[in-house]
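Here the structure is laid out as structure tokens; the discussion comes afterwards.
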Amino acid sequence: MLTITLLGTAATMPLPDRALTAAAAECGGHSLLFDCGEGTQAAARRAGVNLMKLDAICLTHYHGDHIFGLPGLLQTLGCQNREKPLTLFGPAEGMAPVWAALHALTGPLPYPVRVAPVLPEADLIPLETLAAGWPAGAVLRPFSTKHRVPSRGYRLELPRAGRFDPAKAKALGVPVPQWKLLQRGESIPLENGKIIEPSQVLGAPRKGLSVVFSGDTAPCTGLEQAAQGTDLLLCDATYPDDSYLAQAKQYGHSTFLQDAGLAARAGAKRLWLTHYSPIITDPEEARPAAAALFPPVECGFDGKQIILQYDEETS
């Protein structure tokens, strides 16, 4: 089960009903934060999102509307007696001076912050390296996007193991208390010294869950590839329609229609539009045109939340 909450849907400047960009992904008592614009803490409180559960903050780039909430959040976590480490991901290009500025603003913190630069061709990141308790095989896949500055998007994947076969486990002599370890993908030793592998008691892997957070970007190959078959695509929708194509191209952003076309080509299941320019007073006015290209498109708003669950037909 994976819970996604939008904490900020504004671009450039906060508005009374829109904090600046941020979104949270929660799973089994652990969570990730994607970007941290101004107003993130207040938005999280309104939405019932506990930021103390964060294992990492994943920054897409270093424009102010995506990071100005960070100094306050880092200090708040310290004031709440956080002790466990927090990992900070972000584009390798420019990360050192940004972290130096953050560190100067926050001062000493009572918990370690692990700064993890993300290279343009980054490898996947196993979430179990951040903290124990993430589902076995859960990974974060950074990918390069197309903005005015070096930028990354992120795809969060929760795989699903094959169906467990109790009869096979019994035949192999596996004690019942150890069945859960095999279901989590762990090998176990028996008293006779024999090692039992998960593949011996599990069927073929089943379809897992995935979410893609685009950050600021024009339509690009990296985003379209990352969005292939995703359960939910959270996408830069700075401009409402294609009358703004020139501005979108100039500033490295996307329109509602571009997002819808990309989601359709990628075979995404759902598309949430976010990161609205202040010129967009009512996103719903521009949604029908996008829905003509990709019907399962929704306009994001601060506090919008969904609980993604595994498909029943593959259970």
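The values are calculated or read from the model by the stated rules, or taken from the named source; none is laboratory data. The model shown is predicted, which means the values in this text are computed figures rather than measured ones. Cβ coordinates were reconstructed from backbone atoms using ideal geometry, including for glycine residues, and neighbour counts include every protein chain displayed. Heads up: the accessible areas ignore ligands, DNA and RNA and are worked out on the full protein's heavy atoms, side chains in. Shrake-Rupley method; radii C 1.70, N 1.55, O 1.52, S 1.80 Å.
Within region 39-47, is even one residue modelled with pLDDT under 95 and within 21 Å of G300 (Cα to Cα)?
No, region 39-47 contains no residue that is modelled with pLDDT under 95 and within 21 Å of G300 (Cα to Cα).
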Next item on the list: Can you run down the residue pairs with Cβ atoms below 7 Å, 6 or more apart or on separate chains, where the first is in region 167-183 and open to solvent by 50 Å² or more (accessible area, probe 1.4 Å) and the partner is modelled with pLDDT under 85 and outside any helix (DSSP H, G or I)?
Entry: K168/V201; Q183/A161; Q183/F164
Checklist line | Boolean, F89 is in contact (Cβ under 8 Å) with a residue 12 or more places away in the chain and either surrounded by fewer than 16 Cβ atoms within 10 Å (Cβ to Cβ) or under 16 Å from P112 (Cα atoms) (or both) | finding: yes
Notebook entry, point to check: Of all the residues that make up region 187-239, how many are closer than 21 Å to A138 by Cβ, charged (D, E, K, R), under 19 Å from the mean Cα position of the chain (by Cα) and not in a loop (DSSP other than H, G, I, E, B)?
Noted result: 1
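Would you be able to tell me the number of residues in region 38-65 that are acidic (D, E) and part of a helix (DSSP H, G or I)? If you could, list the steps in order and put the result at the bottom.
From region 38-65, those acidic (D, E) are 38, 55, 65; that's our starting set.
Subsequent filtering for residues that are part of a helix (DSSP H, G or I) retains 65.
The number of residues fulfilling the criteria is 1.
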Notebook entry, point to check: If you go through region 107-121 one residue at a time, do you hit one that is open to solvent by 20 Å² or more (accessible area, probe 1.4 Å), out of contact with any Gly (no Cβ under 9 Å at 6 or more places or on another chain), touching a residue at least 40 places away in the same chain (Cβ under 8 Å) and charged (D, E, K, R)?
Noted result: no
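How many residues are in a helix (DSSP H, G or I), surrounded by 15 or more Cβ atoms within 10 Å (Cβ to Cβ) and either modelled with pLDDT under 95 or not acidic (D, E) (or both) if we restrict to region 250-260?
Here the count works out to 5.
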Item checked: From the options S214, S210, residue that is within 22 Å of T60 (Cα to Cα), open to solvent by less than 60 Å² (accessible area, probe 1.4 Å) and touching a Cys at 6+ places or on another chain (Cβ under 8 Å) -> S214
